[in-house]
1. Calculate one ³J(HN,Hα) per residue across region 187-199 by plugging θ = phi - 60° into the Karplus curve 6.51 cos²θ - 1.76 cosθ + 1.60, and present them in order as whole Hz with x for glycine and proline.
2. Take the residue pairs 31/79; 232/309; 6/247 and return only those whose Cα atoms are more than 19 Å apart.
3. What residues qualify as long-range amide H neighbours of residue 16, i.e. H under 5 Å apart, gap of 5 or more or another chain, H built at 1.01 Å from N?
4. How high is the relative contact order of region 3-100, given as a whole-number percent (alpha carbon pairs under 8 Å, six or more residues apart)?
5. Can you list residues whose amide H is under 5 Å from residue 273's amide H, if they're 5+ apart or on another chain and H is modeled 1.01 Å from N?
6. How high is the relative contact order of the chain, in percent, with contacts defined as C-alpha pairs under 8 Å that are six or more residues apart?
7. For helix 157-169, what angle does its Cα long axis make with the longest principal axis of the chain, in degrees from 0 to 90 and rounded to 10?
8. Within region 231-325, what percent of beta bridges assigned by DSSP are antiparallel, to the nearest 5?
Amino acid sequence: MATEVKLPRLGRTMEQGTIVILLVKIGDEVKKGDAVFEVETDKATLQIESPAEGFVKHILAETGQDLSVGHTVLILGGKDEVVGDDFARSIISKNKTVRPKTAGELQRDVSAAVAMPQARLGATVLLNARQRITAEKMARSKREIPSFYLSVRTDVTKLVESREKLNKAGKLKVSYNDFIMRAAAIGLEKFPVMTGRLDGDSILLADSVDIGLAISIQDCLVAPVVRNVSKKSVLQIADDSRVLVEKARVNKLSPADLEGGCMTVSNLGAFGVESFIPIIIPGQCSILGVGQISDVYLPDENDNLTIRKMMTMTLSVDHKITNGAYAAQFIDFVKKLLEDPCSL
């Protein structure tokens, strides 16, 4: 009996995907669980496994094609089973298909995949599927989320010392992001409206404090989510973050790794950026932008100038979910936690 292999919904917000490559051809034998094609979503590139065994009778998609969730990609049948063209045409008529790409568009997508490192002045750099969807999301965020922004300067002198001691004492290296995520998670528990998302006339608060960590990979940015951050130590957060970063670098993040965060931390300090205003990811209440740590001369209690290590954080907040006073209390609480790392 013929079996349809469809594009599955790989995440709560997924509506479409792009076929990266077809791993089978007509006549191939397929076992249940065999990878049959790769699909790129706005979050990750994944191999799709066959839900059944059989022989490939029809292929109803092509490399580079944008498809809606539920679109039939392959039709499988028994070795000697005849799956007629009429059956295939009936499936095609039911498919919800995004407009197929032209040969020129497919070639431009291939070029775009390598365009970023090879970009030259005067060149045209086209977006690949993930970049296009990310651009659409960010544009939607700017259109639909009335944001306000709060910046604080944080004295992280003690935090720098604590991190150095911790890294000398153990094999697992801890980053500043691990401390920042831990402090933010404690703050989110104390100020739970900051975990909210709008649902009609209600604000739904998160069941657990899950925080995204913005990571730059190849030609795009992803934000895999560390789960239950408020229940974990800095070392546990560091270990979870390390696993996600490694998966991101080899393009092995799953949709589950990228969903469900109630806020995101984006740190550009390594690039010498002192401060910046990050764009809120749709579905989250806020995003925290972290700048570099700089040496600054400041007066101590005796008015003597001493070198302090200062870091600027900027919080972008959805004004539909909370107000400035509440968010200000949250960021001030996080700031004080980071200035007293023993509390973490």
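1. Those phi angles translate into x, 5, 5, 6, 10, x, 4, 5, 9, x, 9, 6, 9 Hz.
2. Values: 31/79 12 Å; 232/309 26 Å; 6/247 26 Å.
Over 19 Å Cα-Cα: 232/309; 6/247.
3. The list, which skips near neighbours in sequence, is 69.
4. Numbers: 210 pairs, mean separation 31.0, N = 98.
Once normalised by length, the contact order is 32 percent.
5. Amide H neighbours of residue 273, under 5 Å, 5+ apart: 292.
6. On the way: 684 pairs, mean separation 58.7, N = 344.
Normalised by residue count, the contact order of the chain is 17 percent.
7. 60
8. Values: 12 of 17 bridges.
Bridges in region 231-325 are about 70 percent antiparallel.
Coordinate-derived values only; no laboratory data. Because the structure is predicted, anything quoted here is derived from the model rather than measured.
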